[in-house]
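What follows is one structure encoded as structure tokens, with my remarks underneath.
Please treat every number below as a calculation from the coordinates, not as lab data. As the structure is a prediction and not an experimental result, all values here were calculated from the model. When we count neighbours, we look across all protein chains shown, and the Cβ atoms used for this are built from the backbone with ideal geometry, even at glycine.
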Amino acid sequence: MVTPVKYRMTQAGKDKLEAYSAGIIRNPGQMIDPHVFEEIEEQIDLARLVPGLASTIPYEHFVKALRLALLTESATDTYSVQFQEVARNHDAGWLAAFNDRVWDPDEQTHRTPYFRTLVGMGCDPAELQREMRQAQERTFDRKGANDPASITMFGTNQELLTDGYHGAVAYTLKPYAPLAAHGIFLVKKREKLHTEWYRKMTGIQIEHNPELLANAAYITAHFEMPENQVAPQYAAMGGQYWQMMGQNRAQVVKDLLRVFHQLTGDVHQTGQFLLDVGAEKGIKVRGISVKFLRALLMQLHMTGFIGEVVLQSMGLTYLFQKEEERTLKGGIRALLRGVVAERVGLSSVAG
Ligand SMILES: [Fe+2]
Ligand SMILES: [Fe+2]
């Protein structure tokens, strides 16, 4: 079991977080101009779109896949309230300011291309609005994300997955409704940036209090997309919609692993993080529980080796490969790592 620690941040850490947040506020990148979405509705030609989609995702499923994204993007205020509460409880002005000045206004633009696309596809705007209000009224419980490190880690996971989902929708739409695809693609680009920001914020907190790695691991192990709570009528099929739209599961796992490693860039911490997540989730590798392996590997001081093995088994060796492999000891380590990575295999880690 992994137990989150009580949140503490050094003054140097707070200063760095303040500076990072202020930098984003000064330069939030290209925010979305809602005018770019104005002609989406008119340009949707159902006579092209419906038969076009048949080879990927049946039309009625596609409508629900879009509604799912619309409702998830509509509940921004619900998420925002929680960020503010956590920020207030932990005197994290940097988080409150980022949330208020950049993240919230940015997210408010994300529902528009979905709304217009759905209206263009024949959905009743009044009914969509009713569903949106319903989603906004639902409460959302970020189980266990009660401190700034947990909440920024939650954000990292959520934004990365959302980025992937928007991408799948945009690519599916592109051949038949390029303007709608463009609108959703703009949203995808913002989510990518959000992932980066939350990842950096989490990394800074761990850098200044390494114990918070446990909080990041705990929230990752218990992570659940908010749509299960804000849009339960569509969420159950969300994974299947994404798969129909061409989700590459191995790529998603690879992207998550890359981001996890980039939290600290340190293979020991990556190994520790992955063992914590695996133990907390009750994952088994080749029939052996990670909870058991974790205790053993920690005692043998092998967390770094495990971090490297997992990254290598997912083709991410470039993230950590170092000069030391030119030495005999380093060469042997690399050889061993290769053998173990191959035996562990991608699928057992991804599962
Ligand atoms: Fe969003
Ligand atoms: Fe976002």
Which peptide among 195-201, 113-119 comes first, and what is the full order, when sorted by highest mean count of other Cβ atoms within 10 Å? 113-119, 195-201
Computed over the Cα atoms, what is the radius of gyration of the range 27-153 divided by 2.2 N^0.38 Å, N being its residue count? 1.26
Can you compute 3J(HN,Hα) from phi for each residue in the range 198-215, using the Karplus curve 6.51 cos²θ - 1.76 cosθ + 1.60 with θ = phi - 60°, rounded to whole Hz and x for Gly and Pro? 5, 4, 4, 4, 5, x, 5, 5, 5, 4, 8, 8, x, 4, 5, 4, 5, 5
Under a plain spin-label model, where a point goes 7 Å from the Cα along Cα-to-Cβ, how far apart in nm are residue 30 and residue 56? 2.2 nm
Quote to one decimal, in nm, the extra length available between residue 108 and residue 335 on full extension: 0.36 nm per residue of separation minus the C-alpha distance between them. 76.7 nm
Past the 22 Å Cα-Cα mark, which pairs from 192/281; 14/192; 254/281; 14/322; 14/200; 14/189? 192/281; 14/192; 14/322; 14/189
List the relative contact order of the range 11-247 as a percent without decimals, with contacts defined as Cα pairs under 8 Å and 6+ residues apart. 31 percent
Residue 143: which aspartates and glutamates have alpha carbons under 20 Å from its alpha carbon, excluding same-chain residues fewer than 8 sequence positions away? 73, 77, 85, 159, 211, 224, 227, 276, 280
Scalar couplings 3J(HN,Hα) for the range 222-235 by Karplus 6.51 cos²θ - 1.76 cosθ + 1.60 (θ = phi - 60°), nearest whole Hz, x for Gly and Pro, are 9, 5, 9, 5, x, 4, 4, 9, 8, 9, x, 5, 10, 4
Ratio of Rg to Rh over the range 11-247 (Cα coordinates, Kirkwood Rh, two decimals): 0.99
In whole angstrom, how far apart do the alpha carbon centroids of the range 244-294 and the range 43-103 sit? 25 Å
Full extension from residue 296 to residue 240: what is 0.36 nm times the residue separation minus their Cα-Cα distance, to one decimal in nm? 16.5 nm
Theoretical ellipticity at 222 nm over the chain - DSSP helices of four or more residues, -39500 (n - 2.57) apiece, nearest 500: -21500 deg cm²/dmol
Rg in Å to one decimal, and Dmax rounded to a whole Å, for the range 267-350 via C-alpha atoms: 12.4, 37
Which FRET efficiency value, to the nearest 0.05, do you get for residue 228 and residue 284 by plugging their Cβ-Cβ distance into 1/(1 + (r/R0)^6) with R0 = 30 Å? 0.75
Can you list residues whose amide H is under 5 Å from residue 285's amide H, if they're 5+ apart or on another chain and H is modeled 1.01 Å from N? 290
